[in-house]
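Working notes, structure below.
The values are calculated or read from the model by the stated rules, or taken from the named source; none is laboratory data. The model shown is predicted, which means the values in this text are computed figures rather than measured ones. Neighbour counts are summed over all protein chains in view; Cβ atoms, including those assigned to glycine, are modelled from backbone coordinates with ideal geometry. All accessible areas refer to the heavy atoms of the entire protein, side chains included, with ligands and DNA or RNA removed. Shrake-Rupley method; radii C 1.70, N 1.55, O 1.52, S 1.80 Å.
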Amino acid sequence: ADGQWATLSQGRTCEAAAKSVGVTYKDRPPARASLSFDAGGPRHGQFAARLSRMPRPGATVMLHIGDQPFLLVGQGDMAWSRGPKQEQAIIEAIRASGGMRIEARSPGGGRIVDRYSLDGAPLAIDAAAACSAALAKP
């Protein structure tokens, strides 16, 4: 797409995705955030993120877009949106903001903070939604 975000097509799923800005670790892939759209399927903007480090078990994972917080469902180093209403609110917040971050606590009690630029995100989201709609057509 443009800026820090790209639109990807994988089978019948299209997604708007970005890597985090800032620190990366040699022993693991960079943190990544995405919004997925399935062609004729259940996902219409599902937010997912891979954290830069493994949080402590049971840690709360929070997405902050501008000044809006969103509680995510976390499992291991992954986190997801909680459903269609939250996904719509996340997309609206992305369109109105310039940055986002995902936070959790590490096993040692420190903070994990993965930051993302939203430059190009609206265009990538629109392209992913259009991609899935085109794939859904017979």
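Some values worked out for this structure:
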{"read-out": "Criterion violated by GLY41 - all others in (1) touching a Lys or Arg at 6+ places or on another chain (Cβ under 7 Å); (2) open to solvent by 70 Å² or more (accessible area, probe 1.4 Å) satisfied", "value": "(2)"}
{"read-out": "Those residues of the stretch 42-64 which are more than 14 Å from TYR116 (Cα to Cα) and touching a strand residue (DSSP E or B) at 6+ places or on another chain (Cβ under 9 Å), in sequence order", "value": "ARG43, HIS44, GLY45, GLN46, ARG53, MET54, PRO55, ARG56, GLY58, ALA59, THR60, VAL61"}
{"read-out": "Scan of the stretch 80-126 for residues that are without any contact (Cβ under 8 Å) to a residue 12 or more places away in the chain and within 19 Å of SER20 (Cβ to Cβ), ordered by number", "value": "GLY110, ARG111"}
{"read-out": "The stretch 43-53, residues that are outside any strand (DSSP E or B) and out of contact with any helix residue (DSSP H, G or I) (no Cβ under 9 Å at 6 or more places or on another chain)", "value": "LEU51, SER52, ARG53"}
{"read-out": "Residue identified as of a type in the set (Phe, Trp, Tyr), farther than 30 Å from PRO138 by Cβ and touching a strand residue (DSSP E or B) at 6+ places or on another chain (Cβ under 9 Å) among PHE37, PHE70", "value": "PHE70"}
{"read-out": "Flag for LYS26 being open to solvent by 20 Å² or more (accessible area, probe 1.4 Å), touching a Pro at 6+ places or on another chain (Cβ under 8 Å) and basic (Lys, Arg)", "value": "no"}
{"read-out": "Residues within the stretch 54-107 that are farther than 19 Å from ARG32 by Cα, assigned to a loop (DSSP other than H, G, I, E, B) and open to solvent by 80 Å² or more (accessible area, probe 1.4 Å), tallied", "value": "4"}
